[in-house]
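To keep things clear, I will list the structure first and then write my remarks on it.
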Amino acid sequence: MAEQLLHIENLKVNVEEKEILHGISLDIAPGETHVLMGPNGAGKSTLGYAIMGNPRYQVTSGKIVFNGEDITEEAVDQRAKAGIYLSFQNPLEVPGLTLSSFIKTSVEQKTGKHIRIWDFRKQLRAAMDVLQMDPSYADRDLNVGFSGGEKKKAEILQLLMLNPALAILDETDSGLDVDAVRTVSRGVEEYQKNHDGALLIITHSTRILEALRVDHTHVLAAGKIVADGGAGLVDQINENGFEQFLN
Ligand SMILES: Nc1ncnc2c1ncn2[C@@H]1O[C@H](COP(=O)(O)OP(=O)(O)O)[C@@H](O)[C@H]1O
Ligand SMILES: [Mg+2]
């Protein structure tokens, strides 16, 4: 078996003393794209937060191994440095911090190196072009007054600039109009192709997947993985829903 980027073994996760994930196992190899689907409340976001290391999500058994290192006990910032990125369902608004400074600081924290402003600006401009973002957004306060679609584009912009080894996208496409989904999808495709990044895409809709290569699909229901398959499983779910996997 190929060396795994992410190896999750029999993971059990509690939120406020209640067990939400009941023993999840999942392997993602470098550069692979995995899709995670499942009914509302199945625990999809919980899995994303647990991989990222959000302290509200307590791992009670099992382990998370990233790049060969057991990160089960590591803090969020260490996991980010190691190369994991989680996009949020509801990105934060931060008055007084521009989008550009936020991204520059994140990149510098991740790499531990100072980037020259000129190089940074050039890269940022190129990534904003891919996402069809007006360059003026770079100097606006982070997410303040951004529409839903613009916030999601800002998340993908961070993804392209941070260039993590693994990106977890939690319903990045929800609530977006058709054009915005296409643009976001183009940004994700850029990350997939040109950065050879691995992806765990949590989604209900398949529009974001149209332009993307999908390697594996998993169905999560009531805290357990109830089905695994290839790209075809997404179509099967689209046609018949989740009922076939329940009970
Ligand atoms: N921060 C939290 N506080 C309390 N309950 C939570 C929290 N996060 C998740 N849960 C509970 O865990 C279950 C799974 O939620 P979630 O992971 O958000 O599902 P999904 O993303 O698949 O819709 C739900 O019953 C939800 O109420
Ligand atoms: Mg969710």
Review point. Looking at this structure, is Thr60 away from ligand 2 (no atom under 16 Å from the Cβ) and not hydrophobic (A, V, I, L, M, F, W, C)?
Key: yes
Check your understanding: Of all the residues that make up region 78-101, how many are touching a residue at least 24 places away in the same chain (Cβ under 8 Å), open to solvent by less than 60 Å² (accessible area, probe 1.4 Å) and farther than 18 Å from Ile28 by Cα?
Key -> 6
Exercise for review: Keeping to region 34-77, report how many residues are of a type in the set (Val, Ile, Thr) and surrounded by fewer than 15 Cβ atoms within 10 Å (Cβ to Cβ).
Suggested key: 2
Point to revise | Whichever residue in region 102-131 is more than 22 Å from Pro30 (Cα to Cα) and of a type in the set (Val, Ile, Thr) and, among such residues, is least open to solvent (accessible area, probe 1.4 Å) | key: Ile103
Check your understanding: Considering region 21-46 alone, what residues qualify as being outside any loop (DSSP other than H, G, I, E, B) and within 7 Å of ligand 1 (Cβ to nearest atom)?
Key -> Lys44, Ser45, Thr46
Practice item. Only residues that are more than 16 Å from ligand 2 (Cβ to nearest atom), open to solvent by less than 30 Å² (accessible area, probe 1.4 Å) and at negative phi: list them for region 1-33, please. Key: Leu5, Leu6, Ile8, Leu11, Asn14, Leu26, Ile28, Ala29, Thr33
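The values are calculated or read from the model by the stated rules, or taken from the named source; none is laboratory data. Since we're looking at a predicted model, the values are computed, not measured. Reconstructed Cβ throughout: ideal geometry from the backbone, glycine too, with neighbour counts over all protein chains shown. These area figures cover heavy atoms from the full protein model, side chains too; ligands, DNA and RNA do not enter into them. Shrake-Rupley method; radii C 1.70, N 1.55, O 1.52, S 1.80 Å.
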